[in-house]
1. Hey, what's the per residue convex hull volume over the C-alpha atoms of segment 137-244, in cubic angstrom?
2. With N residues in segment 59-248, what two-decimal value do you get for its Cα radius of gyration over 2.2 N^0.38 Å?
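Computed from the coordinates by the stated procedures, all read-outs in this text should not be read as laboratory data. Note that the coordinates shown come from a computational prediction; the quantities given were computed from them, not determined experimentally.
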Ligand SMILES: Nc1nc2c(c(=O)[nH]1)N[C@H]1C(S)=C(S)[C@@H](COP(=O)(O)O)O[C@H]1N2
Ligand SMILES: [Mo]
């Protein structure tokens, strides 16, 4: 997977601004606040995004006419894990989404329970780090609704999504997972989708439930979700970087 060009652009623009600042005025550059700002370049994507884009900003939404006729499926497209296969063969009637961790009231919700909650429908552009995009329509329960229902404890800082699939399809393989902060968790377009393009979410796209977190790149959008956990740190999960791909060198915050 390649570094997306918009990130190069953003990094480049800020680096250029920083270089201009240094060239223009060495005394300003010696200022501790400026030095601190330049040191922050390490966490550039996350911090720059948070500085430039208001935290509540919505991702663009599109019209029905703009929906891609052939939305690509990527990563796992047919999980073979025994627990998943058993649920799929039963039409997901026995599926339960578990919401636990740093919450007052852990939840265990069937798909009918999820459908009985308020829903949001949105037509958005999916942007994969590999360089392709597709526009699709998603319907699901806002994550904020479930978090309110469960009651986040004050120590909670991140929301972790545990998935059924292992990319190597081994029963004991590392299963996919992802995590987001509370800004994204409470963002109005962050939903747990059970429908795509007016149909029940198909298996290649993450049945029965997948995340849409529209201001971040494709790999953050966890498919095949089995459990959601509120945590104060993800250092103890997987290899400690907050996600299957972040554990393998990709950025944890992957803003678009
Ligand atoms: N559980 C799980 N979620 C996943 C993946 C995966 O392999 N497993 N791949 C990610 C990547 S890289 C992308 S681009 C999107 C693809 O979603 P799609 O198949 O609906 O296009 O899912 C993301 N979520
Ligand atoms: Mo992706």
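1. Taking only Cα atoms, segment 137-244 has a hull volume of 103 Å³ per residue.
2. For segment 59-248, the normalised Cα radius of gyration is 0.96.
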